[in-house]
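Working notes for the structure below.
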Amino acid sequence: MKILNTFYIRTYGCQMNELDSEIISTQLEMRNLKKVSEEEEADIIILNTCSIRDLSEKKVLGKLFEYKKDKKDKIIGVCGCMAMNQKDKLLKKFPHLDFILGTNNLLDINKILDDIIQKNTQEKKIDLNYEIGIENFFAKRENKIKASISIIRGCNNFCSYCIVPQTRGREVSRDSNSIIKEASHLANQGIKEITLLGQNVNSYGLDKPNSKILFPDLLYMLDKVDGIERIRFMTSHPKDITKDLMLALRDLKKVCEFVHFPMQAGSNKILKAMRRTYTKEHYLEKINFLKSLIPNVTIGTDIIVGFPNESDEDFDETYKLFDEIKFDTAFIFAYSPRQNTLASRYDDNISNTLKQQRLQKLLKLFHKNLKTKYDKLIGTKQEVLVERLNKDKKSLKGRTRTFEKVLFAADPKLIGSLQIVDIKNFSHQTLIGELI
Ligand code: SAH
Ligand code: SF4
Ligand code: F3S
């Protein structure tokens, strides 16, 4: 019988996957397996995968081909969104793959390993719904200062380009008591900042008709947890960022003034084809209202360029809206058709070259606008949560409430504390300051 001592886990994709990897690792550590940071040292290799774009999947397929040549006697498994998306196809294509484990079956990892050891067969567990409540998805955190907490899993939105509803299933909100309990537990361990995670946190509670606790209510409850200094959340679908949520953001001391508020496109024709259910006018109205309530709020976005039939005029509208809003963070992607999505039925008729040109154009604009913003921050004083020692080992790194990175020289003993920093300069999207 195989003796297993060590495991290696590699995470692709979003913060949700990062947290899932921590949950899987916790399960494996419960059976006394030790996590190692090099594949070569591991008895089990787990790839926690992402399917959001073709490139995300290609990276994993490349790895699996690599292991085909040199598997030794390791156990190899694929978890995450590719397991949900490709299912048996993966097992067939890679006979050396020992298991696939879906995003709703994280707690089945040890059972799968037992079955592999006993039967020496390929194993799979990929349920579209949860058998065990997400309240039981415990994770031991490696970061001692900040942690993510999953509050709602899955997505009901079915944006036409997106594979997530297929890989994560429908929305399931976690019980608020369990969230508060986890937040208090993390605070007792010294965690200062929590990020509430969900594909769409604004839908929190809507799947439970008998629950009166919606997302803003949850924020009010979490704001009272002693020891937690900062609360962030992501992602928010623009269609249901409500006035109540904006007021919570304005009024709650711990909730930070940063909203990741993905616009995706600035042309109503494209937004409609994407099934985003808002127009650019609605989007701008919400942004303006948010800025009027919270003048120092910072806003993040995701943009997809090169969606089917995106004309020069459509892109121009995106460009203009992007320039008008002056986003503080922006993730810009070239459209990638995904299997079984509505948009995959449309002709992917924008060439890769044009997609890349549009992407670079937006990126250039983003950096130009960022420079103006950073110039304005010079001379201001910012509250920074000190997160770690910088690579140079001389200065400390942290973030402002509004999510800007800050670097300043100070004693490493300050790691984990809130400090006021005088901003003097900036370089490569990082503010440089002096401790007051
Ligand atoms: N739930 C989040 C998004 C998660 S996916 C939300 O709705 O905001 C993260 C981002 O990946 C999306 O916002 C979108 O910009 C991008 N994305 C999703 N599907 C894509 C595709 N098929 N091609 C290119 N980018 C895509
Ligand atoms: Fe995908 Fe849209 Fe759901 Fe976000 S809201 S995960 S983009 S379907
Ligand atoms: Fe990727 Fe799945 Fe997250 S597709 S972005 S890992 S939800």
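The values are calculated or read from the model by the stated rules, or taken from the named source; none is laboratory data. Bear in mind the structure is a predicted one, so any value in this text is a computation, not a measurement. As a convention, Cβ positions derive from the backbone with ideal geometry for all residues, glycine included, and neighbour counts pool all protein chains shown. Side chains are part of the model used for accessible areas, which takes the heavy atoms of the whole protein and leaves out ligands, DNA and RNA. Shrake-Rupley method; radii C 1.70, N 1.55, O 1.52, S 1.80 Å.
For the reader, a short list of remarks on this structure follows.
- Alpha-carbon Debye profile of segment 272-328, log10 I(q)/I(0) at 0.12, 0.16, 0.25 Å⁻¹: -0.32, -0.56, -1.19
- Taking the C-alpha atoms of segment 146-188, convex hull volume expressed per residue in Å³: 75
- With the convex hull of the Cα atoms taken as the outline of segment 85-157, the averaged projected area works out to 6.9 nm².
- Extension gain, K373 to Q360: 0.36 nm times the residue separation minus the Cα-Cα distance gives 2.7 nm.
- Kirkwood estimate for segment 273-374, i.e. one over the average of 1/r between Cα atoms, Å: 14.8
- Residues whose amide H lies under 5 Å from that of T329, counting only those 5 or more places away or on a different chain, are I299, G300, T301; hydrogens are built 1.01 Å from N in the peptide plane.
- Spacing of the two label points (7 Å from each Cα toward its C-beta) at K92 and L389, in nm: 5.3
- The H on the amide N of I149, modeled in the peptide plane, is under 5 Å from the matching H of T195, L196, L197, each at least 5 residues off or on a different chain.
- Accessible-area value, E281, 1.4 Å probe, nucleic acids and ligands omitted, Å²: 100
- Amide H contacts of D207 (H built 1.01 Å from N, under 5 Å, at least 5 apart or other chain): S173
- Rounded if a/c under 1.5, otherwise prolate or oblate - segment 143-256, Cα gyration tensor axes: prolate
- For the chain, the relative contact order is 10 percent, taking Cα pairs closer than 8 Å that sit 6 or more residues apart in sequence and dividing their mean separation by the residue count.
- For segment 371-423, the Kirkwood hydrodynamic radius comes to 11.2 Å, computed from all pairs of different C-alpha atoms.
- Translational D in µm²/s for the chain (Stokes-Einstein at 4 °C, 1.567 mPa s, Kirkwood Rh from C-alpha pairs): 56
- Kirkwood Rh in Å, taken over all unlike Cα pairs in segment 6-125: 14.1
- Estimated [θ] at 222 nm from DSSP helical runs (n ≥ 4, -39500 (n - 2.57)) normalised by residues in the chain, nearest 500: -10500 deg cm²/dmol
- For the chain, built as a Gaussian network whose Cα springs stay under 10 Å, the top-fluctuating residue of T26, T301, T121: T121
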